[in-house]
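Let me begin by presenting the structure, written as structure tokens, before commenting on it.
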Amino acid sequence: MKKHYPWLWFDADGTLFDFARAEAQALPNTFAAVGLPYEPAYMQTYQRINHALWAQVERGEMTQSTLQARRFELLLEELNLSTPASQFGATFVEQLGLGAQLLDGAHEILNTLHKTSRIAIVTNGLTKVQTARLANSTIHQFVSALIISEEIGAAKPQADFFRIASARTAGPPKEHVLMVGDMLHTDIRGGADYGLDTCWFNPKSAERPDDLPITYEIKHLVDLLEILE
């Protein structure tokens, strides 16, 4: 039986936006913009550093402003390259903000669902990047609220993130909200621990964990139309 949720909270990267494509363009473009040579192996190095720092942010052990500076200090140090990390980081943020590529079905599904539900994007990310990507996208007109971890000072899966997101979306009852995302730890566990129904976007058919309550699971975004009314 289909269910209506007055609010649909979508994760951004990996759920609506093709972050992998955006990142794959932004990093070499940043190297070019600051006049440094780029090699494809640099992407793997950057991702390793970045993922480790984001894990600290999600555990509440690091602020995002610290992450923004530190990841490029570590990258340039490991690559033995000399350029101001602050300049490199600012250029990267600008380049990443241009990456508004959507995943298959994202425009179509939001175009349909915004007619019966209010849409929020709830994302762990940097304010300049996420506001620019949404503004440059074809889905901005469907989105009623954009909640960004850097802006509010808390990150998924922390309960404070979800409390502030609720306040920013008019404080709906928890049963009126569906959290849709691709990340089991931040989106699904965070949403479930807060008391929300959750929908795991699982395009790669990863194994479903036994210890995590997942209300719905979809492989394609358009599958939401079989769930929601």
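All of the numbers you see were taken from the coordinates with simple rules; none came from a lab. Predicted, not measured: the structure shown is a model, and the values here were computed from it. Heads up, the Cβs are rebuilt from the backbone with ideal geometry, glycines too, and the neighbour counts pull from every protein chain shown.
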With each pseudo-label sitting 7 Å past Cα toward Cβ, what's the residue 217-residue 104 distance in nm, one decimal?
2.0
Compare the Cα positions of 31, 110, 142 along the charge dipole of the chain (+1 at Cβ of Lys, Arg; -1 at Cβ of Asp, Glu; about the Cα centre) and return the one farthest towards the positive end.
142
Which distance in Å, rounded to a whole number, links the C-alpha centroids of region 200-229 and region 1-72?
23
Estimated dipole of region 187-229 in Debye, rounded to 20 [Cβ of Lys and Arg +1, of Asp and Glu -1, Cα centre]:
180
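Summing Lys, Arg as +1 and Asp, Glu as -1, what charge do residues with Cβ under 14 Å from the Cβ of residue 112 carry, residue 112 excluded?
Values: positive: 2, 115, 118; negative: 108, 223, 226, 229.
Neighbour charge sum, excluding residue 112 itself: -1.
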Could you name the lysines whose alpha carbon sits less than 16 Å from that of residue 219, not counting residues in the same chain fewer than 8 places away?
204
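Under a Cβ-Cβ cut-off of 11 Å, what is the net charge of the residues other than residue 26 that fall near it, where Lys and Arg count +1 and Asp and Glu count -1? Walk me through the numbers before you get to the answer.
Numbers: positive: 21, 133; negative: 23, 94.
So the surrounding residues net to 0.
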What length, rounded to one decimal in nm, is gained on full extension from residue 86 through to residue 33, with 0.36 nm per residue of separation minus their alpha-carbon distance?
17.7 nm
Dipole magnitude of the chain, debye to nearest 20 (Cβ charges: Lys/Arg +1, Asp/Glu -1, about Cα centre):
480
Which three extents, in angstrom, do the Cα atoms of the chain have along their principal axes, listed largest first?
58, 34, 33
Give me the Kirkwood hydrodynamic radius of region 20-97, using the inverse of the mean 1/r over all pairs of distinct Cα atoms, in Å to one decimal.
12.6
Once normalised by the length of region 26-151, the mean sequence separation of its alpha carbon contacts under 8 Å that are 6 or more apart gives a contact order in percent of 24
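Based on the Cβ-Cβ distance of residue 144 and residue 24, what FRET efficiency does E = 1/(1 + (r/R0)^6) give at R0 = 30 Å, to the nearest 0.05?
Working: r = 30 Å, r/R0 = 1.01.
Efficiency for this residue pair is about 0.50.
How big is the Cα convex hull of region 161-229 in projection, averaged over all directions, in nm²? Each step should come with its number before you reach the end.
Details: hull surface 19.3 nm².
If you wrap the Cα atoms of region 161-229 in a convex hull and average its projections, you get 4.8 nm².
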Theoretical gain in end-to-end length, residue 41 to residue 207 [0.36 nm per residue, Cα-Cα removed]
56.8 nm
Net charge near residue 201: determine it from the other residues with C-beta under 11 Å of the C-beta of residue 201, scoring Lys and Arg +1 and Asp and Glu -1.
-3
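Calculated FRET efficiency, residue 79 and residue 115, Cβ-Cβ r, R0 41 Å, to nearest 0.05? Write out the running numbers ahead of the final one.
Details: r = 48 Å, r/R0 = 1.18.
Efficiency, from the Cβ-Cβ distance: 0.25.
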